[in-house]
Amino acid sequence: MKYKKISTYSYNLHIIKTDKFKTTTVKVNFKRKLKKDEITYRNLVINTLCESTSDYPTKRLMAIATEELYELYYGATNYMSGKYNIMSFDVTFLNEEYTEKGMLDKSIKFLSDIIFRPNIEENNGVVSFNEENFELSYNTLKTNLIVQSENPDNYSRARMLEYMEPNSCISYRSIGYLEDLENITSASLYKYYESILKSDIIDIFVIGDVNESHVKKVIDNYFTRVKTVKKPSESHFVRPSKCRLVPKVIVEEKNISQCKLVLGYKIDKMTDFELRYVLSVYSYILGGGPDSKLFKDVREKNSLCYYISSIGQPLLSILVINAGINKRDYKKALSLIRKETRDMRKGNFDDEEIMKAKITYINSLKELEDNPQNLLSLYSGLEYLKSDLIEDRIKNINKVTKEDVIKLASKIHLDTIYLLGCDKNEEE
């Protein structure tokens, strides 16, 4: 596998040459500093652009076009990466060896058309997205927003973060907000879309058995609408505000069969090694699987929850514990969870638990090599987060010691306790 980064006036081109896959995948990322009131716009932009293009103005015509390109797959997503919001468009198609000459050019053109040649209309000098396609995208996003808000797991986690960090990007919802959606028109969306082309930081990733010079030529040919001047990127990592001395407790009543308990922990001044490696080991031992302390002691031994897990989020310097419980078990479950985190600070875990965490981490890394999308994520991490590649990650995770985990455990502090579905008198 050979990696090459080519910097141009407007974007960075990243080529990962490998003959491991029969397909080629091209991913185009548009990145800008995260703003709460832009998240919904960005989700709606990707939905609308993927509905149609100037040449293929309906979903049916888009489908026919992908069939003619040997079942090319295309998609897009909008996600938050610490301080940044990233819109990502991608196509995956068969290598020309298995199709016909010129398919790479045609497939990249199709992706370029999705991004740069949208289905638009003009009325009285005002340019907007095609109204029918806009309505379809609008209604799809509206439905997803409603479904997300009605899902107790998603809702409880989002609410906990909003109470923990109300004025920070840590609390932003990646799917967007219904109240923002209601104010967006096809014309205002198109205006925002134009601002993306003018000001976003752009990275293009290509992985497959490709000719580097030819790929660069094709990208240069079809990405001429990119006019932005490439800007330096700041760190993606977020530092939360100071942890509360006494955890904030929020109890929200909701008529659901299973209560949701979400605990938010802030992590104080992690080193680079801690956030990239030690936190993964800590989180796995605490609540990363069926061998974890939370699973064995809270769920199995004491039967206090339907599920329980801990997830460390190094980009945000937080750790979140999620559990599904009965109303009557709230106080006991909370007490046992806090006991397990105290035990981690005391070093009440053994070398075998550390080894299991490392093996799980290394196995997940090796699985990355079997999927082109995962490898693209790996190389985008190299670009955006200065992450290590697989070989160096394996070396570094093996350096983590028990003392490292104990030291990190002392920096992890409970800030917010959120309970959904429990009557107020149950919490007292």
Residues of the stretch 173-188 being touching a strand residue (DSSP E or B) at 6+ places or on another chain (Cβ under 7 Å) and buried (at least 20 other Cβ atoms within 10 Å of the Cβ), which ones? S186
Only one of K358, K366, K395 is part of a helix (DSSP H, G or I), crowded, with 17+ Cβ neighbours inside 10 Å and in the same structural domain as V262 (by TED's automatic domain parsing); which? K358
Hey, can you tell me all the residues within the stretch 212-256 that are touching a helix residue (DSSP H, G or I) at 6+ places or on another chain (Cβ under 8 Å), surrounded by 13 or more Cβ atoms within 10 Å (Cβ to Cβ) and closer than 30 Å to E96 by Cα? V215, V218, I219, Y222, F223, V226
Which listed residue, of T416, T401, is buried (at least 20 other Cβ atoms within 10 Å of the Cβ) and out of contact with any Cys (no Cβ under 6 Å at 6 or more places or on another chain): T416
Taking helices (runs of 4 or more DSSP H) that fall entirely within the stretch 127-207, which contain at least 1 residues that are more than 22 Å from the chain's Cα centre (by Cα)? 131-150, 178-181, 186-199
Tell me yes or no: at least one residue of the stretch 223-244 is closer than 26 Å to Y384 by Cβ, in a helix (DSSP H, G or I) and small (G, A, S). no
Residues located in the stretch 84-102, provided they are assigned to a helix (DSSP H, G or I) and without any contact (Cβ under 8 Å) to a residue 12 or more places away in the chain: E96
Does D105 fit the bill of being outside any loop (DSSP other than H, G, I, E, B), within 20 Å of the chain's Cα centre (by Cα) and not hydroxyl-bearing (S, T, Y)? no
Among the residues listed as V91, V45, the single one being surrounded by 19 or more Cβ atoms within 10 Å (Cβ to Cβ), modelled with pLDDT of 95 or more, hydrophobic (A, V, I, L, M, F, W, C) and under 19 Å from G208 (Cα atoms): V91
Say whether the condition of being closer than 22 Å to K331 by Cβ, hydroxyl-bearing (S, T, Y) and out of contact with any strand residue (DSSP E or B) (no Cβ under 9 Å at 6 or more places or on another chain) is met by at least one residue in the stretch 269-282. no
With respect to the numbered conditions (1) buried (at least 22 other Cβ atoms within 10 Å of the Cβ); (2) part of a loop (DSSP other than H, G, I, E, B), which one is the sole condition not fulfilled by G264? (2)
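The values are calculated or read from the model by the stated rules, or taken from the named source; none is laboratory data. Since the structure is predicted, the reported quantities are computational estimates derived from the model, not experimental observations. Heads up, the Cβs are rebuilt from the backbone with ideal geometry, glycines too, and the neighbour counts pull from every protein chain shown.
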